[in-house]
Amino acid sequence: MIIEARKVSRSYGSTPALREADLSVAAGEVVAVMGPSGSGKSTLLHCLAGIFTPDSGEVWFDGRRLDTLDDGRRSELRRTAFGFVFQFGQLVPELTVTDNVMLPLLLGRTRRKHAERRAAEWLERLELADLGGRRTGELSGGQAQRVAIARALVTRPRVVFADEPTGALDTLTGEHVMNLLVGLAREEGATVIVVTHDARVAACADREVVVRDGRVSDPYTTGAVR
Amino acid sequence: MTVPLALLGLLEREPSHGYDLKRDYDTFFGRGRPLPFGQVYSTLGRLARDGKVTGQSEPGDGPDRKRYAITPLGRQEVATWLAEPVAAEPYLQTVLFTKVVLALMLGRDAAGYLDAQRATHMRRMRELTEVKRGGSLTDALLADHAMFHLEADLRWIDVTQARLGALAETVRAS
Ligand SMILES: Nc1ncnc2c1ncn2[C@@H]1O[C@H](COP(=O)(O)OP(=O)(O)OP(=O)(O)O)[C@@H](O)[C@H]1O
Ligand SMILES: [Mg+2]
């Protein structure tokens, strides 16, 4: 298992969002997380990615406890081992497409020349080669999500966390974005955990789990499906 | 065919006459297409022949002088059917609906059934996604057609899952 939540609970004040949620994801796997609004999907993703600390339970990444690391080590891990794609709002609108994609590399002290080369390579892979100089505030939703994917993958992360990456896109654009995300992650050997309400998006994954009332149910391990 | 299993399920509540079974079937599952009496009696006859119900004759005359009761074999058949997801083809709403209502009526695990059905649909969606990946444009468009219908089923499954408590009350109150 590359990443695991073991009996993770998390509340916001008196609102329980996760109740002993379990999830195990193997290296290279693409897993869709589905479930009703407010069931705890985003909270689970944030706990797995070390953005939130669980109130109780454990999070394991690559054989190590993640939830007990201090803040510095955890954000270091997020920067080097994880990539993130959200529904919107993660790009800096005043910066160009290339600068947005380079950002995580520069934060990791990669030399500028090298970062530029890597960004150009990833923009090419996401069919964005012509848009490098454009400000991200001037992109369509589908283009912006492709930039977000380039930025998530440019650091060669072990795990990519995506929360409704196609939530604001139409069917065909969403499918295109999802095929790029999953296809490139597979080429890179990266694991993907994608939260989605969209069954077509979830069907691009290897399997899906359903979050209900803060618990994860996996129909393939609970025996509901033979 | 869902009629024999629906009648069998209705009989699991309590032994009944054909007339009562028809009335309950029409109320819950008829949807404007009442079950003909002839079909009720021929179905009950076949179920009796196969040992899934027994018919107890009562004094008096007329066709409805028999009181039917489910047998252990019949009970087993209902349990198996209710737990089993239907193959993931589009246009299944009425079968799914019948299973959910009967499961609630009999205090069976309707939520578990819906989870299993959801997983079965999702597995088919993944197969169709694979077809699209390798296929021609016409393959892809045909797969898309099936996927949009499966998606409609999945939405219905989720909405029903969310309203299962209220539906259980409705079913038990009738
Ligand atoms: N910052 C917050 N403060 C208080 N409560 C919160 C906060 N964030 C989430 N919650 C609550 O925690 C629960 C789980 O929320 P979460 O965002 O994880 O759900 P979700 O499954 O991602 O929903 P959606 O599909 O709508 O994005 C909900 O009851 C929500 O109201
Ligand atoms: Mg969310």
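The values are calculated or read from the model by the stated rules, or taken from the named source; none is laboratory data. This is a predicted model, so every value here is computed, not measured. Methodologically, a virtual Cβ is constructed for each residue, glycine included, from the backbone with ideal geometry; neighbour enumeration extends over all protein chains shown. Surface accessibility is based on the protein's heavy atoms, side chains included, excluding ligands, DNA and RNA. Shrake-Rupley method; radii C 1.70, N 1.55, O 1.52, S 1.80 Å.
Structural remarks
- For region A:189-201, the count of residues that are open to solvent by 10 Å² or more (accessible area, probe 1.4 Å), within 16 Å of ligand 2 (Cβ to nearest atom), within 12 Å of the chain's Cα centre (by Cα) and in contact (Cβ under 8 Å) with a residue 12 or more places away in the chain is zero.
- For first residues located in region A:34-63 and away from every other protein chain (no Cβ under 14 Å), partners that are within 10 Å of ligand 1 (Cβ to nearest atom) and of a type in the set (Val, Ile, Thr) and lie 6+ apart or on another chain with Cβ distances below 6 Å form the pairs A:Gly40/A:Val211; A:Leu45/A:Val195.
- When A:Arg111 is tested against (1) open to solvent by 50 Å² or more (accessible area, probe 1.4 Å); (2) within 15 Å of ligand 1 (Cβ to nearest atom), only condition (2) is not met.
- Taken over region A:47-68, the criterion of being within 19 Å of the chain's Cα centre (by Cα), within 15 Å of ligand 1 (Cβ to nearest atom) and open to solvent by 40 Å² or more (accessible area, probe 1.4 Å) is satisfied by A:Ile51, A:Phe52, A:Thr53.
- Any hit, region A:24-41, residues being within 16 Å of ligand 1 (Cβ to nearest atom), open to solvent by 40 Å² or more (accessible area, probe 1.4 Å) and not hydroxyl-bearing (Ser, Thr, Tyr): yes
- Restricting attention to region A:10-33 and to residues that are β-branched (Val, Ile, Thr) and touching a residue at least 40 places away in the same chain (Cβ under 8 Å), the residue that is nearest to ligand 2 (Cβ to nearest atom) turns out to be A:Val33.
- Search result, residues across region A:1-15 that are open to solvent by less than 60 Å² (accessible area, probe 1.4 Å) and of a type outside the set (Asp, Glu): A:Ile2, A:Ile3, A:Ala5, A:Val8, A:Ser9, A:Arg10, A:Ser11
- Test: B:Val101 is more than 12 Å from chain A (Cβ to nearest Cβ), buried (at least 17 other Cβ atoms within 10 Å of the Cβ) and in a helix (DSSP H, G or I): yes
- Exclusive hit being near ligand 1 (Cβ under 8 Å from one of its atoms) and part of a strand (DSSP E or B), set A:Ala17, A:Ala21: A:Ala17
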